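**Q** Input: one structure, supplied below.
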C-alpha cells in the first residue's frame, strides 16, 4: 500500500466513487460521513491524508484542523477539500484555515492523484524527520505566518522568495502584486537567467511560472532545483500560466512542493507561500535536530574531537583501505602524564581547560585527513593513513613536543602549568592477512608501547616492538 487516506463525505455515492479511484491506485481507504468521532478514527487509522467534502453534515472541511487539534498524530495530516463549484473566495478561506488544496467537481483524476502523491510523500517525510529528530509536537498549518516564522528564524532573518517567470515583465508584475501581500524579501528572475538562484544563500522559496510550450524550461528548472544539493531544501511552487491542471500535476510529480492548478492568484500564492514556509521551518528544525544528534553520537562534548564510538570504526575502515592499496598507516595512543595531579591541585575546570588546549595543539600538528579522537579521560587516539613507516616516529615526536614544548596557561590558575604526554605507536598492516583481530592487535600494541613509555619515565614516544623490529 502507498498509504492510508481518510475520506469524509456525507454523501455515500461520493465516498464510493472516491474509494474506487483511490483503491485502484493502491491506497488503503478509511471512510467517515461527518466530523463527529473524527479524533477516534484518526487515532485508530493514522491516515497519511484526508480528502473531505468542503461541506459536511455537521460542519465543513474548514473545521477539520480544529477538530484534530488535540490529536498529536493528526496535527500535520494534509487535507484536500472537494468543492462543488469553483468559488475563489471559498478556496481562499479554505487555504487560510489550513486546507492544503481545494479541488472542484467533477474531479480531474490526473491532478487529484498527483496532489495525493505529493502530499502523502510530504507527510511521510515529516513523520520520518520527527521520529528521528524527536522534535517537539507538530504545530498546525493555520497559525499566522509572521508570528510562526518569527519563532523559527533568527530575529534578523526574513524569508527570501524568488519569482522566476518566462519574461521580465511577468516577474515584475508578480512582484509588485505580491509585495503588498507578504512580509518576505522578493527577488525576480527569468527562466533562462537563473545562475544567481543557484548560489548561496539560496532563496527559502522559489515560485516558477510554467507555460505549455514544447521546450518545457520551467519544468526542467524545477527538476534541477530539486536535484541540486544547494537548492533541494528550498520550497518550490509551480504556477501554470495560463491555468493548466495537467501541467500542475506534472510539476508535482517532478518534485514541486505545491502547484496552483487554477493559475496565478496573488492572494492564493501568499497563503500557499505561508503554508510551505511554515512547513519548511519545521523540517529545517527537525533536520537540525537530527544533525545535532548525529554529531553528539560521534563527537566528544568537551574537546569537539571525535569520540571512541566514531574512532574505532574509522580505524577499521582505514585498515581495510590500507590493505587494498598496500599502504602503511599508524595508530598512536597519547596519554597526558600525571593528569590526575592537575585535577587534584587546580580543580576539574582547570583539567578540562588543559584537555581542550591539548586537543587544539594536537590538531595543529596533524593534517586534515588524519583522525584525532578523545577515547578516554586524558587519552587520545591518532590514526594517520598512507604514511611512510620512517616518518611515523618523526610525526609522533612532533605531537609530543606540541604538548611539552610550551607551558599551558589556564584560566583561574596563577602560573602556567607544565604538561607532558606519553605516546605509544603501532604501524600496520600485515599485508599477508588483515582481519578485524589484527586491527584490535594494533591497538593493543600501541597501548603496550604507551605503557612502556610511561614506565620509562614518561614524556616520550615508544614504538611497538613488532613495528620497530
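**Q** Between 0 and 90 degrees, rounded to the nearest ten: what's the tilt of helix 168-179 against the longest Cα principal axis of the chain?
**A** It works out to around 90 degrees.
**Q** Calculate the length of the line joining the C-alpha centroid of segment 250-294 to that of segment 153-194, in whole Å.
**A** What the calculation gives is 16 Å, centre to centre.
**Q** Still on this structure: With a ≥ b ≥ c the root eigenvalues of the C-alpha gyration tensor of segment 143-292, is it rounded (a/c under 1.5), prolate (a/b larger than b/c) or oblate?
**A** The shape class here is prolate.
**Q** Share of antiparallel DSSP beta bridges in the chain, in percent to the nearest 5?
**A** 35 percent
**Q** I would also like to ask the following. How much of the DSSP bridge set in segment 143-292 is antiparallel, in percent, rounded to the nearest 5?
**A** Around 5 percent of the beta bridges assigned by DSSP in segment 143-292 are antiparallel ones.
**Q** Once you put a point 7 Å from the Cα of residue 409 and another 7 Å from the Cα of residue 86, both along the Cβ direction, what distance in nm separates them?
**A** So the two model labels end up 7.4 nm from each other.
**Q** If packing is taken as the mean number of other Cβ atoms within 10 Å per residue, what is the order of 300-313, 234-247, highest first?
**A** For the peptides 300-313, 234-247, the packing ranking is 234-247, 300-313.
**Q** Over segment 308-468, how many percent of alpha carbon pairs lie in each 10 Å bin up to the one with the longest distance?
**A** Whole-percent P(r) values from 0 Å outward: 11, 41, 32, 13, 3, 0.
**Q** Going by average Cβ density within 10 Å per residue, which order do the peptides 392-401, 412-421, 25-34 take, highest to lowest?
**A** 392-401, 25-34, 412-421
**Q** Per-residue ellipticity at 222 nm for the chain, helices alone: DSSP H runs ≥ 4 residues times -39500 (n - 2.57), over residue total, nearest 500 deg cm²/dmol?
**A** Roughly -15000 deg cm²/dmol at 222 nm, from the helical runs in the chain.
**Q** Tell me, how many Å apart are the Cα centres for segment 1-44 and for segment 330-372?
**A** Distance between centres, Cα-based: 62 Å.
**Q** At residue 343 and residue 229, where each label point lies 7 Å from the Cα along Cα→Cβ, what is the point-to-point distance in nanometres?
**A** Rounded to a tenth, the inter-label distance reads 4.0 nm.
**Q** Please report the relative contact order for the chain, taking Cα pairs under 8 Å with a sequence separation of at least 6, and give it as a percent rounded to a whole number.
**A** 10 percent
**Q** Could you give the C-alpha radius of gyration of segment 220-260 expressed as a fraction of 2.2 N^0.38 Å, taking N as the number of residues it contains?
**A** My calculation over the Cα atoms of segment 220-260 gives 1.11.
**Q** Residues of segment 1-32 with backbone nitrogen within less than 13 Å of a virtual label 7 Å along the Cα-to-Cβ line of residue 67, please, listed as ranges.
**A** The answer is 6-11, 31-32, whose backbone nitrogens lie closer than 13 Å to the label point.
**Q** Out of every Cα pair in segment 311-366, what percent are spaced more than 13 Å from each other?
**A** So the pairs more than 13 Å apart make up 71 percent of the total in segment 311-366.
**Q** Work out how much length residue 190 to residue 105 would gain on full extension: take 0.36 nm times their residue separation and subtract the Cα-Cα distance, in nm to one decimal.
**A** 27.1 nm
**Q** Over all distinct alpha-carbon pairs, what is the Kirkwood Rh of segment 339-394 in angstrom?
**A** 12.8 Å is the Kirkwood radius here.
**Q** Could I ask something else about it? Could you tell me the relative contact order of segment 308-468? Use alpha-carbon pairs under 8 Å, at least six residues apart, and round to a whole percent.
**A** Dividing the mean separation by the residue count of segment 308-468 yields 30 percent.
**Q** Same structure again: Based on the Cβ-Cβ distance of residue 324 and residue 391, what FRET efficiency does E = 1/(1 + (r/R0)^6) give at R0 = 22 Å, to the nearest 0.05?
**A** 0.55
**Q** Which order do the peptides 353-363, 202-212, 12-22, 288-298 take when ranked by the mean count of other beta-carbon atoms within 10 Å per residue, highest first?
**A** Per-residue Cβ counts within 10 Å, averaged per peptide and sorted highest first, yield 202-212, 353-363, 12-22, 288-298.
**Q** Based on the Kirkwood radius over alpha-carbon pairs, what value in µm²/s does the Stokes-Einstein equation return for the translational diffusion coefficient of segment 1-138 at 25 °C and 0.890 mPa s?
**A** Stokes-Einstein gives a translational diffusion coefficient of 163 µm²/s.
The numbers here are math on the coordinates, done by the rules we state, and not lab data. Quick caveat, the model's predicted, so the values are computed rather than measured. Counting neighbours? That spans all protein chains shown, and the Cβs are built from the backbone with ideal geometry, glycine included.
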